[in-house]
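Asks: My questions all concern the structure below.
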Number of protein chains: 2
Amino acid sequence: MLLSALLTSVGINLGLCFLFFTLYSILRKQPANVTVYGPRLVKDGKSQQSNDFNLERLLPTAGWVKRALEPTNDEILSNLGLDALVFVRVFVFSIRVFSFASVVGVFILLPVNYMGTEFEEFFDLPKKSMDNFSISNVNDGSNKLWIHFCAIYIFTAVVCSLLYHEHQYISSKRIAHLYSSKPQPHEFTVLVSGVPLVSGNSISETVENFFREYHSSTYLSHIVVHRTDKLKVLMNDAEKLYKKLTRVKSGSISRQKSRRDGFLGMFGRNVDVVDHYQKKLDKLEDDMRLKQSLLAGEEVPAAFVSFRTRHGAAIAANIQQGIDPTQWLTETAPEPSDVHWPFFTASFVRRWISNVVVLVAFVTLLILYIVPVVVVQGLANLHQLETWFPFLTGLLNMKIVSTVITGYLPSLIFQLFLLTVPPIMLLLSSMQGFNSHSQIEKSACIKLLIFTVWNSFFTNVLSGSALYRVNVFLEPKTIPRVLAAAVPAQASFFVSYVVTSGWTGLSSEVLRLVPLLWNLINKLFGKEDDKEFEVPSTPFCQEIPKILFFGLLGITYFFLSPLILPFLLGYYCLGYVIYRNQLLNVYAAKYETGGKFWPIVHSYTIFSLVLMHIIAVGLFGLKEVPWASYLTIPLPILTVLFSIYCQRRFLPNFRSYPTECLVNKDKEDERDQNMSEFYSKLVVAYRDPALSASQNSRDISP
Amino acid sequence: MLLSALLTSVGINLGLCFLFFTLYSILRKQPANVTVYGPRLVKDGKSQQSNDFNLERLLPTAGWVKRALEPTNDEILSNLGLDALVFVRVFVFSIRVFSFASVVGVFILLPVNYMGTEFEEFFDLPKKSMDNFSISNVNDGSNKLWIHFCAIYIFTAVVCSLLYHEHQYISSKRIAHLYSSKPQPHEFTVLVSGVPLVSGNSISETVENFFREYHSSTYLSHIVVHRTDKLKVLMNDAEKLYKKLTRVKSGSISRQKSRRDGFLGMFGRNVDVVDHYQKKLDKLEDDMRLKQSLLAGEEVPAAFVSFRTRHGAAIAANIQQGIDPTQWLTETAPEPSDVHWPFFTASFVRRWISNVVVLVAFVTLLILYIVPVVVVQGLANLHQLETWFPFLTGLLNMKIVSTVITGYLPSLIFQLFLLTVPPIMLLLSSMQGFNSHSQIEKSACIKLLIFTVWNSFFTNVLSGSALYRVNVFLEPKTIPRVLAAAVPAQASFFVSYVVTSGWTGLSSEVLRLVPLLWNLINKLFGKEDDKEFEVPSTPFCQEIPKILFFGLLGITYFFLSPLILPFLLGYYCLGYVIYRNQLLNVYAAKYETGGKFWPIVHSYTIFSLVLMHIIAVGLFGLKEVPWASYLTIPLPILTVLFSIYCQRRFLPNFRSYPTECLVNKDKEDERDQNMSEFYSKLVVAYRDPALSASQNSRDISP
């Protein structure tokens, strides 16, 4: 790619970013938009905006940036939870990594690359291409490549040490979070599945007998899960009907609506409609009550078992309970709001099979998606376009058009295309038999990461047919060479991707374009929002793969094409400010995973480093510095050893809490006088929402 | 290999076996050999042989075979322990597998192979070669290969179902063993390492405080480990000296010795010598006492912590204790006699590093050992021998010599060479920081297995340079073809190996040649045995890799060269009788691992099956039946899935006992009146033998 095309792309996106930011800093001050830009504040009652008009409301200001940066880590931890803190720390970590990388890359590697003459000799290019700044420009066999070699070693050491400290920090915060938090139902509860069927006993009795027998001193209560899928369908129908009814009823009072009704001369019918809906609702509610009473018998062999102490729950969760390892399976219960109810019916074997099926589906998807990606890439190729649509030739030959198309269009289409993937991954993960939303999200996040790396990185990097690509991975020995030949050539595409998808994506994120437009349309047409006012849930699952993928790009291109580094640094700084702001004002966590996302970040960073090392091995080979190539081989081995060490050192704390903490916290509770109140709440905390009496009927019936 | 050469080898070995068995059945009846053939019986006081001479003593009889087969599985379990049962079941499982395989192989596959004409067309051989019976003789593209295809599918299904049932059986026996056994110290004890140093407190105090605080209801007592390596050196010296002294003292009484002393005229000196040794021993004992008192302060940050209940110990062992996962590491304690004392000083990091170092050493060894193996194989090559030693040409051209050399020598040398490996593997494993002998043995067993497969199977199978061999594994796509081309060619070598190493090895095993000769020499020269009478420990670690390697050969050659199957079946039947007999009469288990060897057998069988599938994929490709090749690909995937399922289904029971068993057993103990006596034993069960007062001094001092 020519430097001019790159600069065009950067220019367009910088402009868009600026525009979005300006719009945001004006729009957020309009009282009408408070539910768009500060739903969290509204819910917490912290929104302090007045409806009075003043000039300041129309001027863009940057005060929000300052406010977003104000809260300390401990404030974030106590107000937003550990997941939010981990999310913010990912940015801090990335900023640190790429600050160092940018300094080394721009001030040392870039000049070295630029001084090379490889490209001028071979291609005799009139204009400056981006390749002049990449390692490809360094002459073959040149001793300058040892500078790159040293840079790789030092960079790896810096990343690993930063990773170690971050791991230590988050690990300690996880413990601190437990110590500072109030008693939570999920800390005292264990989810038991695979309850064996004992003839003559109901499942509830079997569970009661088992835990009274084997956990006599700590057992508190249990709630057996019921099969409620049919009930849920009825409930959804009732809810819709209820909403319609409320609207019709309020319609007969609301001034605007009654005028419209009056205009159409339908005063009389209004009462009929209410009657009709009310009858329908009554019938539905009767059905529901009948179903509810029937369901009391329809038990599923799974139960939430609560204990008097956290340590008691941990004992039940960590030690195999029954003689048959497929029965009495225990795991730490998810938070009550985090429970994913549909999958409790599944047996051990069915869950296991559905896992295998999902794996196969995922791999198939991974392979099938190569086709559209290649087609999209073909579209971005100018000559290809000319062949397909000959009438465009004139247009495409205009310099500005071609610059825009090569610099901007491919990554835009590519990015739009990737938007379709997260819902599919979520769907796949939800079929795997997880019992909590957070597990589903985590699994979807991992799938997305694999998908992104495979289908964005490798498909982009490796040209040729899909079959050829698979072949490469069946011959591991050739991987370094193939990657080393292919990766540097794609640098410009990925720089442009960082700018388009990263910068513009982030600033459209801060603008919250979809809710804003939705709000605006509702306001314009005077239509009241159907949906209840809701604080959106933190979208960790969709965001983390994106953020980590940029990290992968930065690390792999660190020594290949340092030009990407300042752009990435910019991306992370931007993201840091913006996310601190969608976290403080907009989003609220529906449930807390306790920082369990962090180990994914760790593994992924290690993967990126090792990928960089493999490319380095291949590249030094291609560049005819074989000794540098051989001497790089210990580096991935050392990195993996470091990773295994870190996992042994820190990972146990992310799986469960240690006895020391649990017993200390239990002892603290013993002195607490509110515990009996908490226990009474705990007993009903895991009741299926479908089985509690329907709220609507009570509210609406006279 | 020619059929005649093979038959020669079988003949020689069958003769040897017969000779050994005849010798055994005569020698075992001689009263003088009772410590060789029945040390276990002697120890248990069950030996009922009289010294009276009768003719029956000199005639070979087969009654011992019947006696060896008499005990039921439950009797083996209660008398010899679970490990012995598992060991016996490995043979039962193998006999079942190879009975089925032999029937299919000999009656279906062998005739199909023999009817092929591939070899006759190509080589026009005058004599019948072994290759006529192998799959290589089936014509390329022949539809008969679909018979092999079906056989592979059916065989895999049979092996998997047998494996499943065996897993289930052993898993249930493991639980049954716990229920039927008396309270054992290791069930109540946890080994704690990485005790943090608290200033002002001794390690003993820190441990006491921690467990009193966090396991107040179940904690019983603890014993801190001390640094006793120097003391052990002193103890060894003292023991040697003590033995010398007893010999000298008894020498002045014993008739034979005093006669010899008299012959040399050294009556006078005898008293001096006793005095001299006694003084030396006194000095050593003073040193030891001093060291013992000094050592009371030299604590190692590790301790054996005992609990009042099994469940209490399981809780401490299964849940992370301290906040820092590298401190307060807990694991189930080994049996007191199983403790390996030297490694308690190692910290988390040091243990981790030593693991890495051992891994590197192991891989290096694996690669370096290729060289001698190739040289040995070269020696077995007739032409090679003629080139190296031209003067042997005449001798080598004699038919009988050449037959013996090609049929017998290679596998014999090969087998002798492999004898050097187990001690090296044990040494490596003992450096890994394990705290028990059984863990060391298990780890050495796994290393040996990997070593055997790599250096016996792959090095034998893949010709060419070592570098080429490594290359094959860097290009996984070519593996099936390379293996399919190379494996069938080695069939005759491995048949001969089964006969030489298997049959002859087993029958020399039953003869216990080395102890027998040792005994004989001692008897002849009237020398009394220096060593105390000891029941040898069960050599599971050395035997299991050998037995499993034969299984691998049988499974991989199942459809390639069914001629091997009856020989293998013979091996396993022989082994079954003989091992039931070295277990009942000779060996005694020093410690019980609770059947933890079984999962190794499972994984290894799965590995063998997958290897067979890979070879099948390659072979059907080479034989130009591409569809059979493609249709075999799902088989290894299904097999691995089956293995994962089995591991989830059964493996947890091999790691630790479930709550249900532990609590039931604890409740049983509560009703037991001997428990207070057991607790008092438990408190001192894990005292380091080096720190207890020296026994010798008391025995010998007047």
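The values are calculated or read from the model by the stated rules, or taken from the named source; none is laboratory data. Computed from a prediction, not measured in an experiment: that's the story for all the values here. Every residue, glycine among them, receives a Cβ derived from its backbone with ideal geometry; neighbour counts consider all protein chains shown. Heads up: the accessible areas ignore ligands, DNA and RNA and are worked out on the full protein's heavy atoms, side chains in. Shrake-Rupley method; radii C 1.70, N 1.55, O 1.52, S 1.80 Å.
Asks: Residues of region A:161-205 with the amide nitrogen closer than 12 Å to a label point 7 Å from the Cα of A:Asp672, along Cα-to-Cβ, please.
Replies: Residues passing the 12 Å test: A:178-188.
Asks: PRE reach from A:Ser181 (point 7 Å along Cα→Cβ): which of region A:298-325 fall under 15 Å by backbone N?
Replies: Flagged as within label range: A:310-311, A:314.
Asks: If you don't mind, there's one more thing I want to ask. How long is the gain from B:Asn522 to B:Leu365 if the chain were fully straight, where each residue apart is worth 0.36 nm and the alpha carbon distance is subtracted?
Replies: Here the answer is 52.7 nm.
Asks: Using +1 at the Cβ of each Lys and Arg and -1 at the Cβ of each Asp and Glu in region A:161-248, identify which of A:Ser221, A:Pro196, A:His177 lies farthest towards the dipole's positive end.
Replies: So the residue we want is A:His177.
Asks: Could you work out how much longer the chain between B:Ser204 and B:Leu427 gets when fully extended? Use 0.36 nm per residue separation minus the Cα distance between them, nm to one decimal.
Replies: Extending this stretch completely gives an extra 77.1 nm.
Asks: Moving to a separate point now. Could you tell me which trypsin sites (Lys or Arg not before Pro) in region B:562-657 are loop residues by DSSP with no more than 15 other beta carbons within 10 angstrom of their beta carbon?
Replies: Of the trypsin sites (Lys or Arg not before Pro), the ones in loops of region B:562-657 whose Cβ has at most 15 other Cβ atoms within 10 Å are B:Lys590.
Asks: For the pair B:Ser656 and B:Lys477, how long in nm is the line joining their label points, each one 7 Å along Cα→Cβ?
Replies: Simple spin-label model gives 4.7 nm for this pair.
Asks: Determine ³J(HN,Hα), in whole Hz, for all residues of region B:325-334 in sequence, where each value follows from phi through the Karplus function 6.51 cos²θ - 1.76 cosθ + 1.60 and θ = phi - 60°; x replaces Gly and Pro.
Replies: Per residue, the Karplus-derived 3J(HN,Hα) values read x, 8, 10, 6, 6, 10, 8, 4, 6, x Hz.
Asks: Quick one: dipole size for region A:557-702, taken about the Cα centre, charges +1 on Lys/Arg Cβ and -1 on Asp/Glu Cβ, in debye to the nearest 20.
Replies: 280
Asks: Using Cα centres only, tell me the gap between region B:130-158 and region B:423-459 in whole Å.
Replies: What the calculation gives is 36 Å, centre to centre.
Asks: Sticking with this structure for a sec: Just to check, using Stokes-Einstein with a Kirkwood Rh over alpha carbon pairs, what's the diffusion coefficient of region A:499-653 at 25 °C and 0.890 mPa s in µm²/s?
Replies: Result for D is 130 µm²/s.
Asks: For the interface of A with B, what's the total buried accessible surface in square angstrom, probe 1.4 angstrom, rounded to the nearest hundred?
Replies: Using a 1.4 Å probe on protein heavy atoms, the buried area is about 4000 Å².
Asks: Okay, moving on. Do any residues of region B:294-340 lose at least 20 Å² of accessible area when the full set of protein chains is present rather than just their chain alone, and if so which, with a 1.4 Å probe?
Replies: At a threshold of 20 Å² (probe 1.4 Å), the residues of region B:294-340 that become less exposed are B:His311, B:Ile315, B:Asn318, B:Ile319, B:Gln320, B:Gln321, B:Ile323, B:Asp324, B:Pro325, B:Thr326.
Asks: Another question, then. Provide the FRET efficiency to the nearest 0.05 for the A:Leu7-A:Val401 pair, computing r from the beta carbons and using R0 = 25 Å.
Replies: Given R0 = 25 Å and the Cβ-Cβ separation, E is 0.95.
Asks: Which entries in the list A:Lys173/A:Lys681; B:Lys240/B:Lys279; A:Lys596/B:Lys596; A:Lys182/A:Lys442 go over 22 Å, if you measure between the two C-alpha atoms of each?
Replies: A:Lys173/A:Lys681; A:Lys596/B:Lys596; A:Lys182/A:Lys442
Asks: Test of understanding: what is the full-extension gain from A:Lys283 to A:Thr22, defined as 0.36 nm times their sequence separation minus their Cα-Cα distance?
Replies: In short, 88.6 nm is gained.
Asks: Continuing with the same structure: Taking all protein chains together and a probe of 1.4 Å, list A:Thr332, A:Thr639 from the most accessible to the least accessible.
Replies: The residues order as A:Thr332, A:Thr639, largest area first.
Asks: Gap in Å between the Cα centre of region B:171-225 and the Cα centre of region B:605-640?
Replies: The two parts, judged by their Cα centres, are 49 Å apart.
Asks: I've got another one for you. Label-point separation (nm) for B:Asp140 and B:Ala485, each offset 7 Å from Cα along Cα-to-Cβ?
Replies: The modelled label-to-label distance comes out at 1.2 nm.
Asks: Now for a separate question. Evaluate E = 1/(1 + (r/R0)^6) for B:Arg212 and A:Val357, where r is the Cβ-Cβ distance and R0 equals 45 Å; express this FRET efficiency to the nearest 0.05.
Replies: Efficiency at R0 = 45 Å is approximately 0.30.
Asks: Across region B:185-191, in residue order, what do the Karplus-derived ³J(HN,Hα) couplings come to in whole Hz, using 6.51 cos²θ - 1.76 cosθ + 1.60 with θ = phi - 60° and x for Gly and Pro?
Replies: Running phi through 6.51 cos²θ - 1.76 cosθ + 1.60 with θ = phi - 60° gives x, 5, 5, 9, 10, 10, 8 Hz.
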